[in-house]
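I have placed the structure first, in the form of structure tokens, so that the comments after it can refer back to it.
Here, each number is a calculation from the coordinates, and none is a lab measurement. Nothing here was measured: the structure is a model prediction, and the numbers come from that model. Glycine gets a Cβ as well: all are built from the backbone with ideal geometry, and neighbour counts include every protein chain shown.
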Amino acid sequence: MKKESFRDRRVGELLREEIAKLIQFEVKSEDIHSVIITEVAVTKDLSLARVYFRSYDSSDLEQLKVSLDNVKGFIFYRLKKMIKMKRIPNIEFFPDNSLDYAAKIEGLIKQVHQEN
């Protein structure tokens, strides 16, 4: 596993904050206002930002991904205007399944303890 540098984390956190603000206040699509940006992982060369998201309600994450992909160009354009960086990374959206994975692991651990 590659070690993430301080610059990568700093840029990722900045992008996470700005993308969350854009979704909440500037994007007109009502179906994505329940989106929470949980993490932004930026590649070492700052060419790609993987944006992980969840939903406040139990919305279909795949449908939200399609909606986010539809407004990706607007978000990228606004980020170019808001952030003073030489190059803004391309954005890709991914559903954040870490909570589901953690719940599954916790269930398996409970099951093992009950069997013993």
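Quick look at the values:
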{"item": "Dipole of the chain, positive direction: furthest Cα of Phe74, Ile88, Gly12, with charges on the beta-carbon", "result": "Ile88"}
{"item": "Charged-residue dipole, Cβ positions (Lys, Arg, Asp, Glu), the stretch 12-53 about Cα centre, Debye nearest 20", "result": "100 debye"}
{"item": "Angle in degrees between helix 72-82 and the longest Cα principal axis of the chain, rounded to the nearest 10", "result": "60 degrees"}
{"item": "Matching label, semi-axes √(5λ) of the Cα gyration tensor in Å computed from the structure shown, candidates (i) 23, 19, 12; (ii) 41, 19, 10; (iii) 30, 20, 10", "result": "(iii)"}
{"item": "Long-range amide H partners of Phe94 with built H, under 5 Å", "result": "Val51, Tyr52, Phe53"}
{"item": "DSSP bridge pairs, the chain: antiparallel proportion in percent, nearest 5", "result": "55 percent"}
